[in-house]
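A.B. asks: A single structure is presented below for examination.
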Amino acid sequence: MVDKCPEWELELNDLLVTIDAGPERLALSVALALSFVSRKQGMACLVFPGCPRRGFLHVAGPAGAAELYFFAFPDELPQFWRSLFRLENVPEAEFFALAERSFPKLIFHPDLNFGRFRGPYRERRDFVVAHLSALNDEFLDAHQASLGKASEVEIRLRHVGWHGVSPESTKTHANAAAMRKRYVRYNGQDVCCEWHTKIMPTYDRIHFAFGGVLGDRILIGIFVAHLDV
């Protein structure tokens with residue numbers, strides 16, 4: 001495997017780094033990752049399972065300082081992929097390709113479009129990443145623990161810092177024409193995406209569905225400024 005290892009040019013002094021405010025040490029791979037991240041290019045550091053370093057840690061060296069991601073197992077990587085949206089300033093055309101890696105419990109409907117939000121992509125991207133992260137990491141557990149009671153789901157999610165998620169109101173349910181706008185076609189079936197997160201208090205919504213044929217995943221079905229009620 002040695003002939004498959006990449007080669008890079010760094011000054012010897014640039015290979016000395018401090019990790020998480022620890023002592024200065026010679027760490028070639030960490031120094032390489034720091035050089036990339038300092039140029040706004042994502043790179044994570046793979047460690048052995050016995051190594052205590054995990055997640056984002058502050059790394060500093062002669063070339064600068066940055067938060068580097070350390071991981072040992074593939075299921076730890078979504079946090080790293082999510083960080084690239086901001087670090088690499090990911091454009092709209094590349095958003096959903098990276099989202100597939102960043103949110104493994106989510107399914108993205110092919111008709112999703114940032115243009116349906118009131119705010120432009122650059123203003124909405126980080127909000128959307130935060131909401132999708134909460135859906136991926138927290139929602140299904142909160143829903144199961146609350147036995148499906150919408151008010152309790154919202155309370156549980158508020159405790160982890162996430163506000164504004166709910167199904168449609170009784171008034172909207174009574175409006176058949178309005179409810180039809182909550183449906184999307186997925187795998188040959190009409191799926192109701194009445195649950196939604198509120199990016200802004202009065203506009204810009206992410207509508208989603210879960211359960212049934214979706215199993216343990218969540219379908220992100222609609223990006224929209226606001227649907228009729």
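The values are calculated or read from the model by the stated rules, or taken from the named source; none is laboratory data. Bear in mind that the values here come from a model prediction, so they are computed numbers and not experimental data. We place every Cβ from the backbone using ideal geometry, glycine too, and count neighbours over all the protein chains shown. For accessibility, only protein heavy atoms count, side chains too; no ligands or nucleic acids. Shrake-Rupley method; radii C 1.70, N 1.55, O 1.52, S 1.80 Å.
A.B. asks: Please determine, by comparing only the residues of the range 20-40 that are open to solvent by 80 Å² or more (accessible area, probe 1.4 Å) and touching a residue at least 24 places away in the same chain (Cβ under 8 Å), which one is nearest to Glu7 (Cα to Cα).
C.D. replies: We begin by selecting, within the range 20-40, every residue open to solvent by 80 Å² or more (accessible area, probe 1.4 Å); these are 20-21, 23-26, 28, 39-40.
Then drop every residue that is not touching a residue at least 24 places away in the same chain (Cβ under 8 Å), which leaves 20-21, 40.
Details: Asp20: 26, Ala21: 28, Lys40: 20 Å.
Ranking the qualifying residues of the range 20-40, first place goes to Lys40.
A.B. asks: For the range 152-194, how many residues meet the condition of being more than 16 Å from Val128 (Cβ to Cβ) and among the aromatic types (Phe, Trp, Tyr)?
C.D. replies: Of the residues in that region, 2 qualify.
A.B. asks: Residues of the range 20-38 being assigned to a strand (DSSP E or B) and hydrophobic (A, V, I, L, M, F, W, C), which ones?
C.D. replies: If the condition is that a residue be assigned to a strand (DSSP E or B) and hydrophobic (A, V, I, L, M, F, W, C), then Leu26 is the only one that fits.
A.B. asks: Here's a follow-up. Of the conditions (1) open to solvent by less than 30 Å² (accessible area, probe 1.4 Å); (2) within 14 Å of the chain's Cα centre (by Cα); (3) farther than 30 Å from Gly115 by Cα, Phe85 satisfies every one except a single condition; which number is it?
C.D. replies: With (1) open to solvent by less than 30 Å² (accessible area, probe 1.4 Å); (2) within 14 Å of the chain's Cα centre (by Cα); (3) farther than 30 Å from Gly115 by Cα applied to Phe85, the lone miss is (3).
A.B. asks: Within the set of pairs 6 or more residues apart or between chains, which connect a residue that is within 18 Å of Ile220 (Cα to Cα) and touching a residue at least 40 places away in the same chain (Cβ under 8 Å) inside the range 152-167 to a residue that is open to solvent by 80 Å² or more (accessible area, probe 1.4 Å) and assigned to a helix (DSSP H, G or I) with Cβ atoms less than 7 Å apart?
C.D. replies: Every condition considered, no pair remains.
A.B. asks: Moving on. Show me the strands (runs of 3 or more DSSP E) entirely contained within the range 154-229 in which 3 or more residues are at pLDDT below 90 and open to solvent by 30 Å² or more (accessible area, probe 1.4 Å). Spell out the reasoning first.
C.D. replies: Numbers: elements: 183-186, 189-192, 195-198, 205-210, 218-224.
Here the list is empty.
A.B. asks: Inspect the range 136-147 for any residue being touching a Pro at 6+ places or on another chain (Cβ under 9 Å) and open to solvent by 40 Å² or more (accessible area, probe 1.4 Å) and give the result as yes or no. Steps first, please.
C.D. replies: Filtering the range 136-147 for residues touching a Pro at 6+ places or on another chain (Cβ under 9 Å) gives 136-137.
If we keep only those that are open to solvent by 40 Å² or more (accessible area, probe 1.4 Å) too, we end up with 137.
Yes, because at least one residue in the range 136-147 is touching a Pro at 6+ places or on another chain (Cβ under 9 Å) and open to solvent by 40 Å² or more (accessible area, probe 1.4 Å).
A.B. asks: Determine the pairs where a residue that is closer than 20 Å to Phe103 by Cα, located within the range 56-80, has a partner that is among the basic types (Lys, Arg) and outside any helix (DSSP H, G or I) with Cβ atoms under 8 Å apart, the partner being 6 or more residues away or on another chain.
C.D. replies: That search, which allows pairs on different chains as well, returns Phe70/Arg53; Phe70/Arg54; Phe71/Arg54; Ala72/Arg54; Glu76/Arg54.
A.B. asks: Does the range 95-125 hold any residues that are open to solvent by 70 Å² or more (accessible area, probe 1.4 Å), charged (D, E, K, R) and farther than 15 Å from Asn136 by Cα, and which are they?
C.D. replies: Asp111, Arg116, Arg118, Arg122, Glu123
A.B. asks: Is it true that Val17 is surrounded by 18 or more Cβ atoms within 10 Å (Cβ to Cβ), more than 25 Å from the chain's Cα centre (by Cα) and either at pLDDT below 95 or outside any helix (DSSP H, G or I) (or both)? Show your work before the answer.
C.D. replies: Details: surrounded by 18 or more Cβ atoms within 10 Å (Cβ to Cβ): yes; more than 25 Å from the chain's Cα centre (by Cα): yes; either at pLDDT below 95 or outside any helix (DSSP H, G or I) (or both): yes.
Taking the combined requirement at face value, the residue satisfies it.
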